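Working notes, beginning with the structure itself.
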């Protein structure tokens, strides 16, 4: 073999040798970043869920202790009974709101497991972490949520004028 053909074969061998692709690193970095974000979002959701559960337990505990105290006290007059009924109604409303929030957080955890949490359901854009911290169960980005609320407002106004 001549020197020229050896050089050509060496050049071919170099071009055929597998090179680490540059695209592999960004994909790995993107996956790692995505995993870190997912873990942070999961922690945030679980912490918020824990806070809501604590509030629910406190409301239930408070309600139970109030009911027990009421049984011990003398028979309330009409005004006291009305106040107690009003407070009971308020507590039940708060309890229902907290329970709906807990359910929304549970749904958000399921979406996180499915891989579509933090993605706007309307436009597909990633929802900012700032918004997710404020509303952990948000399904829409701020822009799409604003549009939705505006449409709802217009529909309500049309219903009122009809």
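Read-outs throughout are calculated quantities, based only on the coordinates presented, and are distinct from any laboratory measurement. On a predicted model such as this, the values are computed, not experimentally measured, just so you know. Don't worry about glycine lacking a Cβ; one is built from the backbone with ideal geometry, like all the others, and counts go over all protein chains shown.
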Worksheet, complete the sentence: Taking the square root of 5λ for each eigenvalue of the C-alpha gyration tensor of region 120-162, the equivalent ellipsoid has semi-axes, largest first and in whole angstrom, of 26, 10, 6
Practice prompt. Please give the FRET efficiency for residue 43 paired with residue 146, using the beta carbon to beta carbon distance and R0 = 25 Å, rounded to the nearest 0.05.
Written response: 0.35
